[in-house]
Amino acid sequence: MSAHIPAFRVTIEDKDITAIVSPRLINLTLTLCRGDESDQLDLALDDSDGKLAMPPRGAQIALALGWQASGLVEMGKFTVDEVEHSGAPDTITLRARSANLIDTFKQQQEHSFHKTTLGAIIEAIAFRNELASGVSARLRDTAIEHIDQTHESDAAFLRRLGRKYDAVATVKNDKLLFIPINDSRTASGKALPVIPITRALGDGHRYHSAESDAYTGVRAFWHDERYARRRSVVAGVPGNSKRLRTTFASEADARAAAVAEWQRILRGLATFEMNLALGNPAVFPQSPVTVQGFKPEIDATDWLSVKVTHSLGGNGFTTRVEFETKTEAVEAEREDEKDPDEGVTGVVAKWKDVAAKKKKSGQEMAGTKAKLKTLEHLYKSKSGAKRAAKIAWNHIKEVRDIIRENSEEPWKPEPGDTSPDNEAE
């Protein structure tokens, strides 16, 4: 019987008050977020006898949640910042939050970081905010040639670094964490366990896919000081590539930006939401999840949890999870600087239909006849050859457009500005 009996532990200022809270609990809701939104704990308690003391604002609450049979999972520490008394019947409602980057790092700063590492920058921010730091091994030694924090709060600066390196900056238990979004690991490098979820565990779900007219990659431009010209890199594949507006000061910055944006696009191609009838306290933001019992497209997707809401009250212990697509690490490649098909005015693709009663053959062309490039592959149909020729010719034109675009007036930094991605937030 204890397998389906929820359990929790609440301490306030290190004093266990579970015995006081348990008989008065109306509802407990814990919302865990991945990014710089604060985690939030809401507690509604029965005070119909008037004997429950109002907790002071600023008090620190720790919560553990789970089931009697399987034990409790530590959920973290939260600071009370709202208290409400209402009635009748009398109820005390308190709201506690974890440290919030937006709320606690408001003061604008002026700092320059030169020839350092990403880990050293995060440690410096944590130190001046009286926090410990945790940077993933994958990002810790990333070289930073130069970056400025100008009239910018630590929260805004961390968000900018997060976008640039596709990472999450957040505070958990008085520790500033900086972790890649795609990496389901703790800051210490420990892999988060994969959570298997079957349809039988849920009582509601929603899947959404938005793949039509999707980008095929992301293109980022950078200023090559050696040759005083603009060049480009692409993450994904050329075609319908998204162009980033910023021209970056170095190839490394352009690669990081292209990769980060492409991974963000890939994660958003499909989303999934699910309500678990029996709460699972082991699910946290960043947890890798597999699902089973839905459509093949849903079951075949590797999911990454983004937001988790645990609820304990009249409906028992339930969990709602929001997922996005989990992607693999990608790389950005430098694009051609010289036209590999210089002088070519069109493309020819040959075809031979051997399955037809009367064997047919021919060739299809895209572009003009002046100087043709012939594709090596022999296609099995006229339509296949026509499509291949069109694709190949469009690729040649795209490469030329990029070379032409990169040859235009290059980006020149303003005096004292060596980091064009330092945009105001």
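The values are calculated or read from the model by the stated rules, or taken from the named source; none is laboratory data. No experiment lies behind these values; they were computed from the predicted model shown. Here the Cβ positions follow ideal geometry from the backbone for every residue, glycine too, while neighbour counts run over all protein chains shown. We work out accessible area using only protein heavy atoms, side chains counted, and drop any ligands, DNA or RNA first. Shrake-Rupley method; radii C 1.70, N 1.55, O 1.52, S 1.80 Å.
Filtering region 177-223 down to residues that are among the charged types (D, E, K, R) and at pLDDT below 80, which residue is surrounded by the most Cβ atoms within 10 Å (Cβ to Cβ)? By that ranking, first place goes to 183.
Restricting region 118-141 to residues that are touching a Ser or Thr at 6+ places or on another chain (Cβ under 6 Å) and either of a type in the set (Gly, Ala, Ser) or under 19 Å from residue 260 (Cβ atoms) (or both) leaves a set whose member that is most open to solvent (accessible area, probe 1.4 Å) is 141.
The single condition among (1) polar (S, T, N, Q); (2) touching a helix residue (DSSP H, G or I) at 6+ places or on another chain (Cβ under 9 Å); (3) open to solvent by less than 80 Å² (accessible area, probe 1.4 Å) that residue 107 does not satisfy is (3). Got a number for residues in region 230-260 being surrounded by 17 or more Cβ atoms within 10 Å (Cβ to Cβ) and under 20 Å from the mean Cα position of the chain (by Cα)? Final tally of qualifying residues: 14. Going through region 9-37 one residue at a time, which ones are under 15 Å from residue 62 (Cα atoms), open to solvent by less than 40 Å² (accessible area, probe 1.4 Å) and not in a helix (DSSP H, G or I)? Those that are under 15 Å from residue 62 (Cα atoms), open to solvent by less than 40 Å² (accessible area, probe 1.4 Å) and not in a helix (DSSP H, G or I): 10, 11, 12, 17, 28, 29, 30, 31, 32.
Which residue out of 66, 76 is in a strand (DSSP E or B) and open to solvent by 10 Å² or more (accessible area, probe 1.4 Å)?
Values: 66 fails: open to solvent by 10 Å² or more (accessible area, probe 1.4 Å).
Sole residue among the options that is in a strand (DSSP E or B) and open to solvent by 10 Å² or more (accessible area, probe 1.4 Å): 76.
Of all residues in region 326-342, none satisfies being outside the structural domain of residue 234 (by the TED database), at pLDDT 80 or above and among the polar types (S, T, N, Q).
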